[in-house]
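Novice: Sharing a structure here in structure tokens format.
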Amino acid sequence: MFKFGPRGSSKTINMYDLIPRALVKSETTPDGKIILLKPKFKNAFIVKHLMPHLKRPFYRIHLDEIGTSTWQKIDGVRSAGLIAEEVSQELGTAVEPAFKRVGLFLHQLKKGDLIEF
């Protein structure tokens, strides 16, 4: 169980009920880390006419090893709880407490409109 929601909310959500799905593209660096590519604009007109001419049309969000491992497991099928288990098995004690850290990371991704549940 993980507390998830606005501050002051006592709403508790089971991580096994949440299935994250990526909303942005990503790229992999030569050392294996992930960079998320969040578009700078959402307006359809700007996206169509202005973004092709921009030198950098995306915000580049660099992830650490825990974020990279978590992002690679987001496929729209696995639940957040299963992702936390797999990250814990892959990285061991470096990610403990795994459920809390993965849950907070997914919450930040959701707040940034990088994933949806």
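Novice: Could you tell me which numbered condition P57 fails, if it satisfies all but one of (1) over 22 Å from V77 (Cβ atoms); (2) out of contact with any helix residue (DSSP H, G or I) (no Cβ under 7 Å at 6 or more places or on another chain); (3) not small (G, A, S)?
Specialist: (2)
Novice: Pairs only if they're at least six apart or on different chains, beta carbon under 6 angstrom, first in segment 99-117 and more than 16 Å from I35 (Cα to Cα), second β-branched (V, I, T) and at pLDDT 90 or above; list them, first residue then second.
Specialist: Taking only residues 6 or more apart or on different chains, the pairs are V102/T70; V102/V87.
Novice: Counting just the residues of segment 14-54 that are free of Cβ contacts under 8 Å to residues at least 12 places away in the same chain and charged (D, E, K, R), which one comes out surrounded by the most Cβ atoms within 10 Å (Cβ to Cβ)?
Specialist: The qualifying residue surrounded by the most Cβ atoms within 10 Å (Cβ to Cβ) is E27.
Novice: Scan segment 99-113 residue by residue and report those that are surrounded by fewer than 21 Cβ atoms within 10 Å (Cβ to Cβ) and of a type in the set (A, V, I, L, M).
Specialist: Of everything in segment 99-113, just one residue is surrounded by fewer than 21 Cβ atoms within 10 Å (Cβ to Cβ) and of a type in the set (A, V, I, L, M), namely L104.
Novice: Residue check, K55 against (1) at pLDDT 90 or above; (2) of a type in the set (K, R); (3) farther than 20 Å from L23 by Cβ, all met but one. Which one?
Specialist: Here K55 meets the rest and fails (1).
The values are calculated or read from the model by the stated rules, or taken from the named source; none is laboratory data. Note that the structure is predicted; figures quoted are calculated from it, not measured. All Cβ positions, glycine included, derive from the backbone under ideal geometry; neighbour counts span all protein chains shown.
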